[in-house]
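Written out below as structure tokens is the structure these notes cover.
The numbers here are math on the coordinates, done by the rules we state, and not lab data. Bear in mind that the values here come from a model prediction, so they are computed numbers and not experimental data. Glycine gets a Cβ as well: all are built from the backbone with ideal geometry, and neighbour counts include every protein chain shown.
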Amino acid sequence: MKIAFYSTKPYDKIWFDSLNKEKYGFTIDFLESPCKEASISLARGYDAICIFVNDYVTAPMIEELYQMGVKAILLRSAGFNHVDLRAAKGKLEVLRVPSYSPEAVAEYAMAMLLTVNRYTHKAYTRTREFNMNINGLMGRDLFRKTAGIVGTGKIGQAMIRICQGFSMDVIAYDPYPNSDLSVKYVSKEELFRNSDVISLHCPLTEETYHIINKESIDMMKKNVYLVNTSRGGLIDAGYLIEGLLNRTFAGVGLDVYEEEEGVFYEDRSNDIMRDEILARLTSFPNVLISSHMGFFTREATKAIAEITLENAYALDQGKELKNSVVS
Ligand code: NAD
């Protein structure tokens, strides 16, 4: 089996190369190019392409892949909103990594919350310059505060456990409540009204697109913390900025951003920032932005490689494709 591996970064090879050599022996060509219209022709001659979160495959690109004889898209992610699944049906298999380390993402969400709340990032830079002043670094206890978890799937559940470990009162919203969880489900509106911390863990769908918008922000308590490690499209960034300006938010942690494609994962430090919204967001002292790295632990990246290669193996051997997302 020949796989064209798009958007390769040095850290991708650590597991993919060694596991492939050890166990599978596929031909994997590691391409640096992202997967987009202009680079889809690179897939000619391959059986499958392997893509990451900021790659995308539109309906015309699916058609091109199909015409080239490519049989599958291997996603190195759980989310699949970047592939036109309707167009793929009957033409290409799309296989994902449904779960690799929910804890990695949830622990990162808590790290973002603790950072924007307790200013550890600022303390780090201050003390390195021998500025031992703590003015402006006062945070808030999380103990007994209310954490509102939107989406109680694998990552949401891990976040619930972490928040309960901090003795927070946890409430949750999910249209498909899980009765096995020891958490109080409330309506979306109640969650927005009553939470001191809101952490987003639902997928990006038509329903959740801009779930954080003017209306929901208007419902929130003053000085709420918002953390998004899910997908950028969950937040209407224009209204988020308004909420930051009127001090609705005490702190905001964003590991994802609606317009991150082509920007996140790249070193653009010598470029002029053209995205006015991103430029504005980075200017707030209480906003922490990171480059979609909630998943980025040794355990998670290893699991991503294992499951992706296992998906390729199942495809190659004509076995059951349990991680298919094309129905
Ligand atoms: P999951 O499928 O296990 O859980 C998603 C949950 O969201 C489900 O319980 C589902 O019922 C719920 N949901 C669906 N529609 C909803 C709605 N309208 N409102 C509220 N909840 C809704 O997914 P997961 O593994 O927990 O991942 C959650 C999201 O995290 C993914 O969709 C992905 O976008 C994101 N993610 C980010 C990173 C990162 O590095 N930052 C890594 C992995 C996943």
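Among 141, 236, 174, which one moves the most in a GNM of the chain with springs linking Cα atoms closer than 10 Å?
In this elastic network of the chain, the residue with the biggest mean-square fluctuation among 141, 236, 174 is 141.
State, to one decimal in nm, how far the label point of residue 2 lies from the label point of residue 213, with both points 7 Å from Cα in the Cβ direction.
In this crude spin-label approximation the distance works out to 4.7 nm.
Just need the relative contact order of the chain here, percent rounded to a whole number, with Cα pairs under 8 Å and 6+ apart.
Taking the mean separation of contacting Cα pairs over the length of the chain, I get 18 percent.
Quick one: net charge around residue 315, please, counting Lys, Arg +1 and Asp, Glu -1 for every other residue with C-beta under 11 Å from its C-beta. Walk me through the numbers before you get to the answer.
Working: positive: 71, 319; negative: 47, 93, 310, 316, 320.
In short, -3.
Around residue 198, which amide H atoms from residues at least 5 apart in sequence, or from another chain, sit under 5 Å from its own amide H, with H modelled in the peptide plane?
The answer is 148, 225, 226, 227.
Relative contact order of region 79-179, please, whole-number percent, based on alpha carbon pairs below 8 angstrom and at least 6 residues apart.
Result for region 79-179 is 26 percent.
Relative contact order, percent, of region 220-268 when contacts are C-alpha pairs under 8 Å separated by at least 6 residues?
About 51 percent, as a whole number.
Give the calculated FRET efficiency between residue 140 and residue 271 to the nearest 0.05, with a Förster radius of 41 Å applied to their Cβ-Cβ distance.
On the way: r = 36 Å, r/R0 = 0.88.
Efficiency, from the Cβ-Cβ distance: 0.70.
In debye, nearest 20, what is the charge dipole magnitude of region 1-138 about its Cα centre with +1 on Lys and Arg Cβ and -1 on Asp and Glu Cβ, if you could check?
260
Take every Cα-Cα pair in region 186-252 and report what % of them are more than 15 Å apart.
For region 186-252, the share of Cα pairs beyond 15 Å comes to 45 percent.
Any idea which of 134, 195, 112 is furthest toward the positive side of the dipole for the chain, if Lys and Arg beta-carbons carry +1 and Asp and Glu beta-carbons -1?
Going by the charge dipole, the pick is 134.
Find out how many positive minus negative residues lie around residue 249, taking Lys and Arg as positive, Asp and Glu as negative, among other residues whose Cβ is under 12 Å from that of residue 249.
Values: positive: 221, 222, 247; negative: 196, 242.
Residues close to residue 249 contribute a combined charge of +1.
With 16 Å as the cut-off, how large is the P(r) tail for region 221-312, expressed as percent of Cα-Cα pairs?
Counting pairs separated by more than 16 Å, the tail of P(r) holds 61 percent.
Tabulate in residue order the Karplus-calculated ³J(HN,Hα) for region 12-25, using 6.51 cos²θ - 1.76 cosθ + 1.60 with θ = phi - 60°, rounded to whole Hz; enter x for Gly and Pro.
Result, rounded to whole Hz: 5, 6, 3, 8, 4, 5, 5, 5, 5, 5, 5, 10, 10, x.
Starting from the Kirkwood Rh over alpha-carbon pairs, what translational D in µm² s⁻¹ does the chain have by Stokes-Einstein at 20 °C and 1.002 mPa s? Can you show the working numbers first?
On the way: Rh = 21.1 Å.
Answer, rounded: 102 µm²/s.
In whole Hz, what ³J(HN,Hα) sequence does region 63-72 give by Karplus (6.51, -1.76, 1.60; θ = phi - 60°), x for Gly and Pro?
With coefficients 6.51, -1.76 and 1.60, one gets 4, 5, 4, 4, 5, 7, x, 6, 9, 8 Hz.
Can you give the Kirkwood hydrodynamic radius of region 1-160 from its Cα pairs, in Å with one decimal?
For region 1-160, inverting the mean 1/r across all distinct Cα pairs yields 18.9 Å.
With charges only on Cβ, +1 for K and R and -1 for D and E, what is the dipole size of region 125-260 about its Cα centre, in debye, rounded to 20?
Approximately 680 debye in magnitude.
Could you pull out every one of the lysines with an alpha carbon less than 23 Å from that of residue 322, ignoring same-chain neighbours closer than 8 positions?
Those lysines meeting the cut-off are 2, 23, 71, 89, 91, 154, 302.
Taking other Cβ within 10 Å of each residue's Cβ, how do 94, 227 sort, fewest first? The partial results should precede the final answer.
Numbers: 94 24, 227 27.
Final ranking by Cβ density, sparse to dense: 94, 227.
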